[in-house]
Amino acid sequence: MAGRPSPRVSVVALRITEIFYSLQGEASRVGLPTVFVRLTGCPLRCVWCDTTYSFTGGEAASVESVLAEVARYPARQVCVTGGEPLSQKDCLPLLQALCDAGYDVSLETSGAIDIAAVDARVSRIMDLKAPGSGEVDKNRWENLGCLNNRDEVKIIIASRDDYEWARQVLSEHQLERRCPVLFSPAQGLVEPAELAAWILEDGLDVRFQMQLHKLLWGNMKGK
């Protein structure tokens, strides 16, 4: 009698640009020692992107090998980032595995891909792309309904027009009632003090943020 065919084994394969240990430079976890897992690939091409090196290449990795590398570092904070990590379907099991391992996990995502299936234990740091990014049409507005107070919305401001757009979106969608909202100046395009003055003048209920890692080390890979 012919033997039964072997069951298909599901192989979880990721493309990883880098895994590194540094201080979190953004959002509410700013300053905390964090392990960053940067996945390869992104469907967007934002004008001010500072991680274009993550668009292609990378090395194949399994969830198990990523967990083993993360475990080499003392931090309990893990940030899965990109590129756009959700452009890889196996990002979801990676996030779940990191949570199961006891890490405090955050996800940095462009907001262009559905976030509904992300493990509920993960804090989603979701961009909204202002017009100056060149990718405003990629915003997936349905994602706003998935957000809760564990999540955060980040808007990078590259001009006064971007600021006015962000202020209107803030009001129309009552974003600050859903989760913390972060306004960040695009490096080299808006003076930080100028953006801070606009926020103060309008009394917006948002958090001004600058990228701590760039203040410490500049725009260095692996920082």
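Numerical summary
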| item | result |
| --- | --- |
| Per-residue HN-Hα couplings for region 23-28 [Karplus 6.51, -1.76, 1.60; θ = phi - 60°; Hz; x = Gly/Pro] | 8, 5, x, 9, 6, 5 |
| Theoretical ellipticity at 222 nm over the chain - DSSP helices of four or more residues, -39500 (n - 2.57) apiece, nearest 500 | -6500 deg cm²/dmol |
| Linear extension gain, residue 193 paired with residue 48, 0.36 nm per residue minus alpha-carbon span | 50.3 nm |
| Selected from 65, 159, 28 as most flexible by GNM, with the chain as the system and alpha-carbon contacts under 10 Å | 65 |
| For region 25-93, convex hull volume per residue from C-alpha positions, Å³ | 107 |
| Ordering of 47-56, 100-109 by burial proxy (mean other Cβ atoms within 10 Å per residue, highest first) | 100-109, 47-56 |
| Simple spin-label estimate for residue 76 and residue 168 in nanometres, 7 Å along Cα-Cβ | 4.4 |
| Ranked list, fewest to most other Cβ atoms within 10 Å of each Cβ, for 191, 152, 26, 69 | 191, 69, 26, 152 |
| Cβ-based exposure ranking for 183, 208, in which fewest neighbours within 10 Å come first | 208, 183 |
| Region 14-217 - Rg and Dmax from Cα coordinates, angstrom | 16.4, 49 |
| Ranking of 138, 89 by count of other Cβ atoms within 10 Å, fewest first | 89, 138 |
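Any read-out appearing in this document is the output of simple, stated calculations on the displayed coordinates, not a laboratory observation. What you are looking at is a predicted structure, and each value in this text was computed from that prediction instead of being measured. Using ideal geometry, Cβ is built from the backbone for each residue, glycine included, and neighbour counts are taken over all protein chains shown.
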